[in-house]
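One structure is given here, and the rest of the page talks about it.
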Amino acid sequence: MFLSVFDMFKVGIGPSSSHTMGPMVAAARFLDKMRAAPFECAGVKGTLHGSLAFTGVGHATDRATILGLAGFLPETYDHDRAEAVMAQIRESHSISPEGLGTLHFNPKEDLLFDFGPNLPGHANGMVLMATDKQGDTILRETYFSIGGGFVMTEAELAAGRNTDEGEPVPYPFKSAAEMLQMCETSGKTIAQMKKANEISRQGETDMTAGVKRIWQVMNDCIERGMNTEGTLPGGLNVKRRAKGIRDALIAERGTNQNAPHKINDWMSVYAMAVNEENAAGGQVVTAPTNGAAGVVPAVIRYYLDHHPGASEDHVEDFLLTAAAIGGLVKFNASISGAEAGCQAEVGSAAAMGAAGLCAVMGGTPMQIENAAEIALEHHLGMTCDPVKGLVQVPCIERNGLGAIKAISAASLAMRGDGTHLVPLDACIETMRQTGADMMDKYKETSLGGLAVNVPNC
Ligand code: SF4
């Protein structure tokens with residue numbers, strides 16, 4: 001199996017990789033299918049199922065699907081143009097994707113939320129259909145948004161996991177045990193093996209430039225979040241806090257209010273800045289998802305701003321190591337809140353962040369595997385219960401706490417020699433089994449947990 005660093009870290013838009021980016025990508029794939037069809041289509045419509053229906057409004061799934069059908073993509077999303085196109089679609093009841101002419105599409109009638117049982121296969125299902133002039137369906141495809149912006153058709157899901165099965169890579173590890181074994185026999189670090197795998201699929205120059213861009217977008221997102229005030233959209237009236245906390249932390253420097261525990265506030269503020277931007281529909285990088293997008297950037301920023309001897313030159317190793325761990329989690333369990341709860345999102349992100357930090361602090365492969373395991377282990381069982389279906393509460397603070405756990409996990413791992421009782425593979429399998437046993441109301445449906453116990457929501 002091969003999951004590229006650019007599969008784990010994708011530039012996209014908020015608030016959700018599975019509920020916003022995925023549906024937009026699915027719509028783009030359906031447009032390609034329509035373009036390839038040997039007949040002319042006159043209209044398009046769709047239905048959203050399972051978690052995409054239950055929390056679809058809060059996650060802007062309908063808007064993302066419509067914009068996807070209009071030809072928008074997460075990577076090149078332009079907010080102002082999207083607003084103009086949405087207004088035009090509502091007014092004209094038509095949509096004009098490139099190469100397909102003008103298609104009938106009335107957003108109110110042609111994209112429906114289906115609150116019935118989930119489609120068999122996955123909690124995040126959607127069906128897209130093309131119609132002829134009489135309104136009869138002439139083309140149909142079922143897509144599943146499986147987390148982190150990854151999308152599979154019904155047939156792809158039935159055939160197996162969504163991984164690149166192309167040319168073999170030099171270090172094709174499918175488990176943490178295989179990864180450690182390959183480190184030992186090759187004498188390479190996890191980042192070096194991951195880099196060799198990446199370079200076997202693309203030039204080194206492209207890979208290095210791509211990773212640099214990923215960090216640039218992550219860091220820009222932190223900066224925007226730390227410099228923006230106001231109330232987040234969606235009706236919960238959640239106030240942005242990153243800027244206020246950052247300003248207070250700067251003011252407290254050199255005073256007797258600067259207690260040691262306040263370093264935790266820096267870790268939180270970097271993560272919260274990203275997740276506030278995500279909640280506002282801004283540009284973020286999946287890490288491995290949008291809901292968990294704050295953890296990895298926060299850990300990198302903590303490393304660069306607060307760790308002695310840190311260097312931007314090491315960010316590539318950080319991201320490659322984090323991507324290797326994220327790939328193992330995705331391949332062997334899940335990175336989707338709708339599939340396995342928040343342990344799969346913020347838990348996976350914390351494991352990735354812990355591994356990355358341990359690597360750039362000079363950890364051995366065994367210590368890195370230990371760091372990832374500690375971080376994931378202490379997120380096991382965590383449910384996904386976003387209040388009002390918005391990626392705000394508990395998600396924004398949760399990323400801050402995920403970053404703190406990731407950093408503590410890396411630090412703890414560095415205090416040992418890498419030997420430990422619970423292998424990362426066992427922890428990942430435990431997360432998978434726990435997610436499978438978790439009731440649906442705790443898997444991104446907003447039918448349980450905080451979503452039903454917070455008053456006035
Ligand atoms: S609770 Fe966790 S998994 Fe659920 S939407 Fe929020 S960040 Fe994502």
To test your reading of the geometry: what angle, between 0 and 90 degrees and rounded to tens, separates the Cα axis of helix 346-360 from the longest principal axis of the chain? 40
How far is helix 79-92 tilted, in degrees, relative to the longest principal axis of the Cα atoms in the chain, given as a value from 0 to 90 rounded to the nearest 10? 20
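At 0.36 nm per residue, and after removing the present C-alpha to C-alpha distance, how many nm does the segment from GLN202 to ASP220 gain when stretched out fully? Mind dumping the intermediate values first?
Values: separation 18, 0.36 × 18 = 6.48 nm, distance 2.57 nm.
Extending this stretch completely gives an extra 3.9 nm.
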Measuring from a point 7 Å past the Cα of VAL454 along Cα-to-C-beta, which residues in region 376-402 have an amide N at less than 19 Å? 382-402
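Summing +1 for each Lys or Arg and -1 for each Asp or Glu, what net charge is found among the other residues whose Cβ lies under 13 Å from the Cβ of GLU397? All intermediate terms of the calculation are to be shown ahead of the outcome.
Details: positive: LYS239, ARG240, ARG241, ARG398, LYS405; negative: ASP265, GLU276.
It works out to a net charge of +3.
Arrange the following residues from fewest to most other Cβ atoms within 10 Å of their Cβ: THR131, THR286, THR255.
On the way: THR131 20, THR286 30, THR255 7.
So the residues, fewest neighbours to most, are THR255, THR131, THR286.
Give me the extension gain from THR419 to THR185: residue separation times 0.36 nm, minus the current Cα-Cα distance, reported in nm with one decimal.
Values: separation 234, 0.36 × 234 = 84.24 nm, distance 1.80 nm.
Extra length from THR419 to THR185 when fully extended: 82.4 nm.
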List the trypsin sites (Lys or Arg not before Pro) within region 78-173 that fall in a DSSP loop (any state other than H, G, I, E or B) and whose Cβ has at most 16 other Cβ atoms within 10 Å. LYS133, ARG161
When the helices in the chain are scored as -39500 (n - 2.57) per DSSP H run of 4 or longer and the sum is shared across all residues, what 222 nm value do you end up with, to the nearest 500 deg cm²/dmol? -15500 deg cm²/dmol
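What value does the chain have for Rg/Rh, both radii from Cα atoms and Rh as Kirkwood defines it?
Details: Rg = 21.6 Å, Rh = 22.2 Å.
Radius of gyration over Kirkwood radius for the chain works out to 0.98.
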Cross-link candidates for LYS133: which lysines have Cα within less than 29 Å, leaving aside residues fewer than 8 places away along the same chain? LYS33, LYS45, LYS108
Taking Cα atoms, the helix 22-36 axis meets the longest principal axis of the chain at an angle in degrees (rounded to 10) of 50
With Kirkwood's inverse mean 1/r over C-alpha pairs for Rh, give me the Rg to Rh ratio of region 228-296, two decimals please. 1.03
How high is the relative contact order of region 17-148? Use alpha-carbon pairs under 8 Å, at least six apart in sequence, and give a whole percent. 40
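Test of understanding: ordering SER334, SER186 by Cβ neighbours within 10 Å, fewest first, what list do you get?
Working: SER334 24, SER186 13.
Taking fewest neighbouring Cβ atoms as first place, the list is SER186, SER334.
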In region 70-175, which chymotrypsin sites (Phe, Trp or Tyr not before Pro) are in a loop and have at most 16 other Cβ atoms within 10 Å, using DSSP for the loop call? PHE115
Sequence order, region 50-62: Karplus ³J(HN,Hα) from phi using 6.51 cos²θ - 1.76 cosθ + 1.60, θ = phi - 60°, Hz rounded, Gly and Pro as x, gives x, 4, 5, 7, 5, 10, x, 5, x, 9, 6, 5, 5
Please list the non-local residues whose amide H lies under 5 Å from the amide H of LEU112, H modeled 1.01 Å from N, same-chain partners needing a gap of 5 or more. GLY46, THR47, LEU48
For GLN192, net neighbour charge (Lys/Arg +1, Asp/Glu -1) across residues whose Cβ lies under 12 Å away: 0
With Cβ to Cβ distances under 15 Å as the rule, what net charge do the other residues near HIS307 carry (K, R +1; D, E -1)? -3
Normalise the Cα radius of gyration of region 393-457 by 2.2 N^0.38 Å (N = residues in it) and let me know the number. 1.51
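Please identify the GluC sites (Glu not before Pro) of region 97-163 that satisfy two criteria: DSSP loop assignment and at most 12 other Cβ atoms within 10 Å. Which are they?
Working: sites: GLU98, GLU109, GLU141, GLU154, GLU156; in loops: GLU98.
Listed in order of number, the matching sites are GLU98.
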Taking Cα pairs under 8 Å and at least six residues apart, what relative contact order does the chain come out at, in percent? 18
Spatially proximal lysines relative to LYS239 (Cα-Cα < 29 Å; intrachain offsets below 8 disregarded): LYS10, LYS262, LYS388, LYS405, LYS441, LYS443
What FRET efficiency would be calculated for the residue pair THR137, ALA426, taking the C-beta separation as r and a Förster radius of 35 Å, to the nearest 0.05? 0.15
Compare the peptides 359-371, 116-128 by average per-residue count of other Cβ atoms within 10 angstrom and give them in order, highest first. 359-371, 116-128
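Going by how many other beta carbons lie within 10 Å of each one, how would you line up VAL346, VAL269, fewest first? Before the final figure, lay out each step's value.
Values: VAL346 30, VAL269 26.
Ordered by Cβ neighbours within 10 Å, fewest first: VAL269, VAL346.
Only the coordinates and a few stated rules stand behind these numbers; no lab work does. Quantities reported herein were computed from a predicted structural model and do not represent experimental measurements. Cβ coordinates were reconstructed from backbone atoms using ideal geometry, including for glycine residues, and neighbour counts include every protein chain displayed.
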